[in-house]
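First up is the structure itself, then whatever we jot down about it.
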Amino acid sequence: MGAHKRPSMMSRAGAASALTLAAVGATVLMPGGAQGAEASTVATNALRIAASKAGSPYQWGATGPYRFDCSGLTLYSFKRAGKSLPRTAEEQYNSTTHISRAARERGDLVFFVSGRGVYHVGIYAGDGKIWHAPKTGAVVRLERIWTNSVLYGRVD
C-alpha cells in the first residue's frame, strides 16, 4: 500500500481513542516536534488511564482494575503509566514533589486537606477539574475541585 493510501493515525486509533484524547486535553505531537519531559508523559498517561475508569464503582480499599477508592485510583493509574506510588493519599502526598496551584499541570495529583491531614486525592484534568473516586455509593468521575483546601503534588 502506498503512503498516500495509508489510514491516518486518528482513523487507525478509532473514535473511542479520539474521544479519550479530547476528554483529557492531550496534544498530538508531530514527528520532529518538541516533546515534553518524560514526567509529563507519565502524568498524561496516568490521567488517560484514570479517565478510562469512568463509571467504575467506589470501594474502600480497592486498587482496581474494576473498583477503586481515591488513592487506589491514583496508585493504579500511575502504576499502569510506569510509576509506583504508596497506598494512601497521605503517603502519596509525602512521596510527591510539592508544587503551587499556579504550577499545576494535567496529571498532577490534587490532595484535599483538613487540619494537618490529607483525606482525599484525585488527578488534575485541567480547568479546575479532577478525575477521582469520591465516596461509597459513587463512581469514578470527572468533577470540579470544590474547595480551596487543596495541595498539589507532582509524581517524579
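Computed values, structure above
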| read-out | value |
| --- | --- |
| Carbon/sulfur fraction of accessible area - the stretch 67-132, other protein chains in place, 1.4 Å, % | 43 |
| Under-5 Å amide H pairs with Ser56, H placed in peptide plane, nonlocal only | Val140 |
| Accessible solvent surface per residue of the stretch 64-156, calculated while the other protein chains remain in place, 1.4 angstrom probe, Å² | 51 |
| Distance between modelled label sites at Asn94 and Tyr66, nm, 7 Å Cα→Cβ extension | 3.4 |
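The values are calculated or read from the model by the stated rules, or taken from the named source; none is laboratory data. Because the structure is a prediction, the values reported are computed rather than measured. We place every Cβ from the backbone using ideal geometry, glycine too, and count neighbours over all the protein chains shown. Accessible surface is based on the protein model in full, side chains and every heavy atom, while ligands, DNA and RNA are left aside. Shrake-Rupley method; radii C 1.70, N 1.55, O 1.52, S 1.80 Å.
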